[in-house]
Structures are given as C-alpha cells and as structure tokens.
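Remarks on the structure that follows.
The values are calculated or read from the model by the stated rules, or taken from the named source; none is laboratory data. It should be emphasised that the depicted structure is a prediction, and the values quoted were computed from it without experimental measurement. For neighbour counting, all protein chains shown are included, and Cβ atoms are generated from backbone atoms with ideal geometry for every residue, glycine included.
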Amino acid sequence: MAVILLENPQPKQREFMLLTNRYVAYGGARGGGKSWAVRAKCVIMCIEHSGLRCVIIRKTYKDLNNNHIEPLKAVLREMLQEKKVKYNAETHTFTFWNGSTIECAYCATRSDLEHFQGIEYDIIVLDEATQHTYEVFQALTACLRGREHLPKRIYLTCNPGHVGHEWVKRLFVDREFLPDEDPDDYAFVRALATDNAFNGKDYMKMLNQLSEPLRSAWRDGKWDIFVGQYFPEWDLEAISVPAFEIPEHWIVSMSIDYGLDGFAPIWYATDEKGTDYIIREYSAKDTIIKDAARLIKEIESDLGLDGRRIRRYAPPDLWNRKSDTGMSTIDIFNKFDLRFIKADNDRITGWLAVKERISDGSLKVFEGRANQLSYCMRLLQHDEVRINDVAKDPHEITHLPDSLRYFCIMRSKSAKPKTRQTSENIVSRRGAVRAPKVAVKVNVSSLKGGW
Ligand SMILES: Nc1ncnc2c1ncn2[C@@H]1O[C@H](COP(=O)(O)OP(=O)(O)OP(=O)(O)O)[C@@H](O)[C@H]1O
Ligand SMILES: [Mg+2]
C-alpha cells in the first residue's frame, strides 16, 4: 500500500502547523525549516479535508520547482506511482484522491497577479512573502473564499529584508493594526536557524560568518534592520516641511517618467540656496500622452504655476520615434506645448545624485505631497547582480523614484541653479552680474544745493 513519505515536524514547525488563525506567518532566519513546514501543512490538510483547494506561491517558476514541486513529488512518490495522487505538469497541480488540490503558482509581476483574479482558494501559501508587496498580499486575501465548511487561511514564510519587509513586520512582528484589521486573525512564529536540526555544520558556519546586518537578519531572524533597502537614508518625516507659497523668483521644475505602465510626474521648487522642495507628485498607469499632458496642466494650474517658466526633465527614451507614426512621445508632448530637457539616464550616477541630495539636506518635501514617492523610496531594493543599482522589480514602485532620479542627476550637473531674474539680483545669460534695472532710491535731501 502506498504511503506518504513525510518526515516528522520539528518543535517550531509543529507550533506553526498547529496555528489556525486566518493569517499565520513563519518568519525570521534562513534555513529554519519554513518551506518544509508550509508544504507539509498543505499535504496534511489535503488528506484531512476533501475538496480543499491549496495554492503555494513563489516568485519564479525555478524557485517553485526547487522548493516545492520536486520536494512534493518526493513526498508523494508512492501516491503518484499508484495514481492516488495525480500531477498535472501544465497547471503544476497535485490532485489527491479526495479531490483536494495543491497548485504551485508563481507570481513575479502585476500580470501574474491578475491570473489569481476570481479564483477561489481555501489555503494560500505565500512562501518568501517579503519578496512581495502589500498589494500582492491584499490581492491574495480576496481569493480566500469558497465553500464555508472548509478552513480559510493564508500561511506566509518570510525572511527579514526585501520589498515586503515593512508590511510583514507591521502585521506579524510589531502587530500594529489598522482599524479594520482584527489582531486575532494574525499569528507569528519566529524561526531561528538553530531550530532546524537538518541544517548542516557548513550552513551554520556560513550564517555565522556573514557580516552585519545580514547575520542578525539571516541567522537570528531579526526584523529591526531592513536588509537590501537601497535608500535607508530616506526619512520622510525628517525632510518634510509645511507647504508654503513659492516665491516668484524661485525656479520651478518638473520631471517625469512616462510609459503606459506608469506616468509619474514630480514638481519641484528651488530656493536661492539650492534647496529643492518637492511640491507635488502624481502617479497613474494607462495614461495616454494626451491625458498626461492635460493632467500636467491641470495640476500646474492647481499649484498656481500658470504662466511660470517650468524646467521639465524626461528620460532619453521618450525621444525615440515610434515606427508606425514616426513621432516620439516628446513630439506629442510638444504638440501640447510641453517641452522637455533630455535627462541623463546613467542609473548609478543618478541614484548617487539622489542619495547625495537626501544626505546633504538639499531635498525637502512639502508635507503630504509625496507620500506615494516616499512609499516607493522605502521599498526600493539593491539589484542582486548590479549591486549599486536599484532593482527594477517590482516595476510599479520604480516610476516615481526614476522621475526623482532624472531631476537629481540634472540638478547635480548644473552645479548651482541659476537664480531667476529678480529686481535684486539679475544674472546675465553669460553669468556676469549686470546692474539691476530698478529705480535707485535717492536721498533727496542730499541733492539739495549740490547741483
Ligand atoms: N522536519 C523536517 N524533516 C526533514 N527535513 C527537514 C525538516 N525541516 C526542514 N528540513 C530540511 O531542512 C532544509 C531547510 O529547510 P527549508 O528549506 O524548509 O528552510 P527555509 O526556512 O524555508 O529556508 P530559506 O530561508 O532558505 O527559505 C531543507 O532541506 C528541508 O528539507
Ligand atoms: Mg524557504
């Protein structure tokens, strides 16, 4: 008779597997036995309940195959041989004799996420949840429904760091809940590398030899550091100032990132000392150029910038001509009287310019005017290969920071902003200071009799 070849859970894994809250996270150290535990949990639940629908989600198919599909095939080997469990290689789904299923699915992009729309699951496992944004978690919670007599749960495994660090930490480690979140729905088991007796000596040695802060995160499962964050210096509170009216003589600029997947303009005002204030941001997707142009004008009118000269920066690819129309994105913006300066798209120099402006205090934000940008800046990660670059994934959080990068790199190129013509300070085009054309105040009494 075929048997399921499942080993016994270790104590921490048992603790995790017995929890029945709606959202259970198993997180912390690397190699703690987390993926094993969620996989085993799915198998046991599929045996216990007929018709249970489970899904195990990883970011890529390769991760999914190595961490779950192959190990599941090993655990279910005899069952598969006797056809008590069937595996569909197209849908990556194991179907048990009682109708229960474990589907293995990947989710790396927004369009992958769309595949889950309208699908119902009883058990959702988000393995390596910190590799996903809160948006992914929220979208998956909407899939948690179906026949009422079956349990409905989301199991997450997580290591500190990555793009999902903040939302996982908030819900499961810090337990800071929003009014519509019920604390009883959330449970957390902290994993340590030492929990897993199957970690060899070499693996533990590798963890011990890691430099900080990786060691604290990966060996000890500490959440107070955010490994991989590209802009740890970004602190919205520290750089926010109450909004004020922009003096007439200040320079006003804007930068955009533009594509159908993201339209991200940011407006700035620069004072005499060269400090830039972000005065407004906007972000949307699926915005055609005509609508983007209209939105720019509406926002500028709203900001009271009508009639002011605005320096506009855009990435070089917007000058590329489309083969069908022979026109570039910039040509179309020009039609709407919006002219742009081609920004330098050297990514690493650009990110450094952003870092410099944050660190030297020359970038400020009008309170409440750049919340979306701030959210993205906190989440941006180092690229795993080009370590000095920002990861391009998840793509949706890169548009506003890219827009800021185009502005900062161009600002750092023009050493000091040319001050606008004012009655006090007029700078000629060549940079020489000319005498101001203003009425000179004359002490009339000093003229008396002198002429
Ligand atoms: N109860 C168990 N019985 C047998 N082997 C186990 C058990 N728990 C974990 N292992 C093994 O220990 C190793 C590490 O476990 P696992 O991959 O689940 O850790 P993890 O916490 O998910 O690691 P990572 O942080 O790298 O994702 C794997 O080879 C796994 O099969
Ligand atoms: Mg794992």
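Scanning the stretch 59-76 for residues that are more than 11 Å from ligand 1 (Cβ to nearest atom), of a type outside the set (S, T, N, Q) and either more than 19 Å from I4 (Cβ to Cβ) or modelled with pLDDT under 95 (or both) yields K59, Y61, K62, L64.
Which of the residues that make up the stretch 42-68 are among the basic types (K, R) and more than 13 Å from ligand 2 (Cβ to nearest atom)? Once the filter is applied, which keeps residues that are among the basic types (K, R) and more than 13 Å from ligand 2 (Cβ to nearest atom), the stretch 42-68 yields R53, K62. Looking across the stretch 208-237, just one residue is closer than 12 Å to G28 by Cβ and among the hydroxyl-bearing types (S, T, Y), and that is S216. Scanning the stretch 177-194 for residues that are surrounded by 11 or more Cβ atoms within 10 Å (Cβ to Cβ) and either assigned to a helix (DSSP H, G or I) or of a type outside the set (D, E, K, R) (or both) turns up F177, P183, D185, Y186, A187, F188, V189, A191, L192, A193, T194. Of the helices (runs of 4 or more DSSP H) that lie entirely inside the stretch 1-105, those containing 1 or more residues that are over 27 Å from the mean Cα position of the chain (by Cα) and farther than 28 Å from R175 by Cβ span 34-48, 70-75, 77-81.
On inspection, A370 does not qualify as surrounded by fewer than 17 Cβ atoms within 10 Å (Cβ to Cβ), among the small types (G, A, S), under 23 Å from K392 (Cβ atoms) and within 21 Å of the chain's Cα centre (by Cα).
Taking the criterion of being surrounded by fewer than 17 Cβ atoms within 10 Å (Cβ to Cβ), of a type in the set (D, E, K, R) and within 10 Å of ligand 1 (Cβ to nearest atom), the residues of the stretch 2-36 that qualify are E7, R14. Would you mind stating whether L126 is touching a residue at least 12 places away in the same chain (Cβ under 8 Å) and not assigned by TED's automatic domain parsing to the domain that holds D393? Here the answer is yes, as L126 does meet what is asked. Screening R357 on (1) at pLDDT 90 or above; (2) within 19 Å of the chain's Cα centre (by Cα) shows it passes everything except condition (2). For the stretch 255-272, a residue qualifies if it is in contact (Cβ under 8 Å) with a residue 60 or more places away in the chain and more than 22 Å from the chain's Cα centre (by Cα), and the qualifying residues are Y268, T270, E272.
Is one or more of the residues making up the stretch 397-412 in a helix (DSSP H, G or I) and farther than 22 Å from W267 by Cβ? No: zero hits. If R411 satisfies all but one of (1) at pLDDT 95 or above; (2) surrounded by 22 or more Cβ atoms within 10 Å (Cβ to Cβ); (3) of a type outside the set (D, E), what's the number of the condition it fails? Every condition holds for R411 apart from (1).
Which one of these is more than 16 Å from ligand 2 (Cβ to nearest atom), hydroxyl-bearing (S, T, Y), surrounded by fewer than 17 Cβ atoms within 10 Å (Cβ to Cβ) and more than 30 Å from A2 (Cβ to Cβ): T109, T91?
Values: T91 fails: more than 30 Å from A2 (Cβ to Cβ).
Unique residue meeting the criteria: T109.
When residues in the stretch 127-182 are screened for being more than 16 Å from ligand 1 (Cβ to nearest atom), of a type in the set (S, T, Y) and farther than 23 Å from L214 by Cβ, 2 of them pass. Does R39 satisfy being more than 16 Å from ligand 2 (Cβ to nearest atom) and either surrounded by 24 or more Cβ atoms within 10 Å (Cβ to Cβ) or modelled with pLDDT of 95 or more (or both)? Taking the combined requirement at face value, the residue does not satisfy it.
Please verify whether the stretch 190-212 includes one or more residues that are under 23 Å from the mean Cα position of the chain (by Cα) and closer than 25 Å to H132 by Cβ. Break it down stepwise before answering.
If we filter the stretch 190-212 for residues that are under 23 Å from the mean Cα position of the chain (by Cα), which is where we start, we get none.
The answer is no; no qualifying residue exists.
Applying the set (1) in the same structural domain as R175 (by TED's automatic domain parsing); (2) over 30 Å from D184 (Cα atoms); (3) without any contact (Cβ under 8 Å) to a residue 40 or more places away in the chain to M79 leaves exactly one unmet item: (3).
What about I397, is it hydrophobic (A, V, I, L, M, F, W, C) and at pLDDT 95 or above?
Values: hydrophobic (A, V, I, L, M, F, W, C): yes; at pLDDT 95 or above: no.
Against the criterion (hydrophobic (A, V, I, L, M, F, W, C) and at pLDDT 95 or above), I397 does not qualify.
Against the conditions (1) loosely packed, with under 15 Cβ neighbours inside 10 Å; (2) more than 19 Å from the chain's Cα centre (by Cα); (3) without any contact (Cβ under 8 Å) to a residue 12 or more places away in the chain, E384 satisfies every one except (2).
In the stretch 192-223, what residues are among the small types (G, A, S) and modelled with pLDDT of 90 or more? Can you show your working first?
The first filter runs over the stretch 192-223 and keeps only residues among the small types (G, A, S), leaving 193, 197, 200, 211, 216-217, 221.
Correct list: A197 only.
Check off (1) without any contact (Cβ under 8 Å) to a residue 40 or more places away in the chain; (2) among the aliphatic types (A, V, I, L, M); (3) more than 22 Å from Y277 (Cβ to Cβ) for V390 and give me the number that stays unchecked. All conditions are met except number (1).
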